[in-house]
1. Could you check how many residues of the range 279-317 are more than 11 Å from VAL344 (Cβ to Cβ) and assigned to a helix (DSSP H, G or I)?
2. So if I check each of GLY144, GLY108, GLY115, which one is at positive phi and either at pLDDT 95 or above or crowded, with 23+ Cβ neighbours inside 10 Å (or both)?
3. Please name all residue pairs, on different chains or six or more residues apart, with Cβ atoms under 6 Å, provided the first residue is in the range 232-252 and is within 14 Å of PRO11 (Cα to Cα) and the second residue is surrounded by fewer than 17 Cβ atoms within 10 Å (Cβ to Cβ) and among the acidic types (Asp, Glu).
4. I'd like to verify a number: residues in the range 241-262 that are within 14 Å of the chain's Cα centre (by Cα), in a helix (DSSP H, G or I) and closer than 16 Å to VAL322 by Cα, how many?
5. In the range 66-85, is there at least one residue being farther than 21 Å from SER141 by Cα and within 25 Å of the chain's Cα centre (by Cα)?
6. Tally the residues that are under 23 Å from THR179 (Cβ atoms) and either modelled with pLDDT of 85 or more or of a type outside the set (Val, Ile, Thr) (or both), restricting the search to the range 210-222.
7. Assuming MET14 fulfils every condition listed in (1) farther than 14 Å from GLU240 by Cβ; (2) modelled with pLDDT of 95 or more apart from one, which condition is it?
8. Looking at the range 100-145, which of its residues are within 11 Å of the ligand (Cβ to nearest atom), within 23 Å of ALA54 (Cα to Cα) and not in a helix (DSSP H, G or I)?
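The values are calculated or read from the model by the stated rules, or taken from the named source; none is laboratory data. Computed from a prediction, not measured in an experiment: that's the story for all the values here. Glycine gets a Cβ as well: all are built from the backbone with ideal geometry, and neighbour counts include every protein chain shown.
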Amino acid sequence: MKELDIRGDRPYKMLIEPGLLPEAGKYISHAPGGSRAFVLTDSTVASLPSMPLATIYRSLTEAGYQVSTCQLPAGESSKNPTAYLDVVSMMADRGLQPTDILVALGGGMIGDLGGFAAATYMRGIKCVQIPTTFLAAVDSSVGGKTAIDLPQGKNLIGAFWEPSLVLCDPDLLLTLPATVFMDGCAETIKYGILKDPEIIALLRQALEKIPERSAKTSDSADNATDLLCQVIARAVTTKEFYVHGDVTDKGKRGFLNLGHLLGHAIEAWSCFSLSHGQSVAMGMVLEARGCAALGLTSSDTADEIRELVNDFGFAIDPPCTVQDILPYLVHDKRIRNNSIGLIVPDSIGNCHMEPYPADELEKFARLGFGEQ
Ligand code: GLY
């Protein structure tokens with residue numbers, strides 16, 4: 001078992017192990033404790049043939065918990081204030097006390113909404129994150145960003161609320177549809193460009209071994225799971241490096257926004273029909289090109305990033321113009337005092353942050369898009 005110590009404002013552990021889910025109750029009762037468990041999940045997870053909801057229900061019951069479950073329709077549109085109020089009302093109906101726990105079993109939507117419900121119910125109860133997507137495993141389940149959306153924008157109501165435990169069972173991730181899996185690949189490539197180039201080679205090896213992509217033997221599945229455990233552990237170690245000491249995102253956590261400046265704007269312009277991973281992958285390519293045009297990085301590094309992202313099968317040419325994304329770009333939540341921290345790749349594995357005037361973001365985007 002891989003056991004990572006996450007040094008947040010309140011330290012917690014992430015456990016990574018194939019077949020961990022049936023054992024979850026044991027680990028949860030040992031760490032966060034409590035006597036009632038409220039399991040929040042979505043319709044996709046609840047209907048998976050591997051039956052993770054039934055498994056966690058049984059495991060928590062065997063560990064002595066009084067368990068209730070709540071299922072939301074899958075998709076970002078469930079991350080809304082009405083669904084949030086339904087969830088916390090149900091927690092109250094089930095008699096959850098401040099010492100009890102919320103278990104968020106799902107991808108980013110469930111982790112974000114569940115984390116926010118845990119952060120606010122009775123001014124905060126413990127939360128256990130159990131990611132069921134690769135993206136949630138390498139990113140959103142760790143670091144304590146929780147939120148719901150408003151019609152005016154994504155994640156506009158939220159809180160920093162770190163989980164008390166993160167349990168990752170990579171067996172859950174191997175059956176994901178390729179496009180969902182690729183979302184996690186984009187964030188993993190980001191960690192490679194930021195700080196850990198070796199993770200990119202490991203990710204490549206894992207992808208080659210995933211049964212759907214190679215001969216379906218149990219050996220290749222075992223190898224894939226083992227490689228995936230290594231990738232997740234390295235990815236989260238890199239994320240933890242940037243979050244440690246800056247949980248509330250005032251400084252070095254900003255490095256994690258590599259590719260997100262232009263990527264988020266493209267994702268929002270597409271009304272989220274482009275996935276987060278695809279958008280961030282494209283964002284990394286365009287931002288590197290913009291940085292090269294500003295003379296902040298070499299064109300060799302920008303080309304290397306372009307080839308790398310292309311090699312993984314991501315689209316790299318934007319489906320929109322700079323004009324299309326401008327409204328989203330100028331409302332970026334990371335603009336402070338009319339300045340934004342550009343994350344500049346110096347080479348694969350080394351980046352620095354450069355203050356950049358927010359009123360020149362259009363110029364940066366034009367350079368990135370290769371527009372005049
Ligand atoms: N996903 C970026 C962060 O957690 O800061």
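1. Initial filter on the range 279-317 (more than 11 Å from VAL344 (Cβ to Cβ)): 279-286, 289, 293, 299-300, 303-317.
Now narrow it down to the ones that are assigned to a helix (DSSP H, G or I): 279-286, 289, 293, 299-300, 303-311.
Looking only at that region, the number is 21.
2. After ruling out the rest, the residue left standing is GLY144.
3. These pairs meet every condition: VAL247/ASP9.
4. 1
5. Within the range 66-85 (the criterion being farther than 21 Å from SER141 by Cα and within 25 Å of the chain's Cα centre (by Cα)), the answer is yes, since at least one residue qualifies.
6. Residues meeting the conditions: 8.
7. So MET14 meets the others, but not (1).
8. SER141
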